[in-house]
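Before any comments, here is the structure.
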Amino acid sequence: MIISRTPLRVSFCGGGTDIDDYSKSSKNGGKVISIAIDRHVYVTINPRFDNRIRVSYSSLEIVDSVDEIRHDLVRESMKLTGVESGIEITTIADIPGKGTGLGSSSTVTVGLLNALHHFRGRSVDRDQLADEACKIEIELLNQPIGRQDQYAAAFGGLNSINFGKNGVTVSPLNISNGIVSQLEDEFSLVYTGITRKASSVLSEKPIDIEEKIKRLNVIREQAEIAEKFLKTGDLSNLGLLLNEAWINKRAISKSVSNTKIDSLYAKILEIGAYGAKLVGAGGGGFFLVHGPPNFRNSLEKYLDEKNKIIPIKIDNNGSSIIHG
């Protein structure tokens with residue numbers, strides 16, 4: 001049996017600038033400050049006694065050929081890696097369900113590719129895993145998404161990821177252990193209780209294209225600022241920057257927020273947070289929240305039970321084979 005473990009991700013600033021339409025046409029390209037977290041998707045692969053294919057996720061499929069597989073990420077990953085029969089695949093997630101804003105679909109794709117390549121006896125580097133995941137999701141399945149999730153999942157760690165005409169560059173942010181400890185203590189994820197497909201938000205046509213580009217330019221600049229704050233340990237201003245990033249994200253599309261999300265955002269600030277923003281495309285999922293030390297206790301005290309609170313811990317390993 002082969003088991004891959006691949007981290008989910010949280011982006012501080014820059015989300016949306018990783019989409020090809022922006023990153024390949026703007027002068028400076030796109031930029032996202034991203035962190036891989038210690039919540040994972042696990043993919044297990046085992047050979048079957050016969051030549052059939054069994055795929056277990058939130059549904060169960062047992063089919064005779066790869067073309068019959070309904071799970072599009074599994075189907076295309078198998079085709080790309082040349083594994084087309086006699087196999088059992090299972091996916092398990094620490095945070096189940098799609099639409100969380102943590103890059104789960106891309107994390108699944110990267111983990112599938114890593115496990116399937118290993119099943120075929122191949123060792124592939126992180127760039128190849130991320131690039132192949134992008135090919136499947138963006139080129140083959142025509143998803144209107146960006147490229148940050150695939151690279152965050154493959155590489156792990158805290159990174160500045162740059163996107164442009166010539167490809168993607170991942171630059172680790174080497175911050176001190178003290179700053180890492182402070183970051184993990186002061187930043188949390190708060191679940192909205194709402195899930196949505198990123199593609200449904202990202203595919204919505206903006207009312208004003210020029211205004212959208214202006215907003216994305218500002219978001220791109222905020223990623224530069226966030227990088228400086230992280231390197232210097234200025235987490236207070238990084239927390240405040242989350243509010244500015246949220247305001248700009250909300251202005252891009254009407255699907256990014258709603259009355260329930262706005263109400264939760266206001267409550268989080270009322271409890272005493274310095275800043276908060278939805279991670280991912282918006283419309284649901286998790287808020288990334290910054291507050292003073294031990295602020296997590298206040299969140300747990302005053303928020304509803306459905307608003308599950310998750311501490312931020314960094315995964316530095318990226319997609320890894322942990323068995324087999």
If you put +1 on each Lys and Arg Cβ and -1 on each Asp and Glu Cβ, how big is the dipole of region 178-311 around its Cα centre, in Debye rounded to 20?
-> 480
The set of residues whose placed amide H lies less than 5 Å from the amide H of T195, leaving out same-chain residues fewer than 5 positions away, is G285
To the nearest 0.05, the calculated FRET efficiency linking S25 and E224 through their beta-carbon distance, R0 being 25 Å, is 0.85
Shape category assigned to region 2-174 from the gyration tensor of Cα positions, a/c cut at 1.5 | prolate
K308/D125 FRET efficiency (R0 25 Å; Cβ-Cβ; nearest 0.05) = 0.10
Nearest 0.05, what FRET efficiency do E139 and L173 give at R0 = 22 Å with Cβ-Cβ as r?
-> 0.15
Rounded to whole Hz, the Karplus (6.51, -1.76, 1.60) HN-Hα couplings of region 14-29, x for glycine and proline | x, x, x, 7, 8, 6, 4, 4, 8, 5, 8, 10, 7, 4, 9, x
Per-residue ellipticity at 222 nm attributable to helices in the chain (runs of n ≥ 4 DSSP H, -39500 (n - 2.57) apiece, nearest 500 deg cm²/dmol) works out to -12000 deg cm²/dmol
How much length, in nm to one decimal, is gained on full extension between I247 and K214, taken as 0.36 nm per residue of separation minus their Cα-Cα distance?
-> 10.6 nm
Tensor-based shape of region 178-311 (alpha-carbon gyration tensor, a/c under 1.5 rounded, otherwise prolate or oblate) = oblate
Taking the simple approach of a point 7 Å from Cα along Cα-to-Cβ for both N258 and K98, what is their distance in nm?
-> 1.7
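Just so you know, all these numbers are worked out from the coordinates, no wet-lab data involved. As the structure is a prediction and not an experimental result, all values here were calculated from the model. Here Cβ is always computed from backbone atoms with ideal geometry, including for glycine, and neighbour counts include all displayed protein chains.
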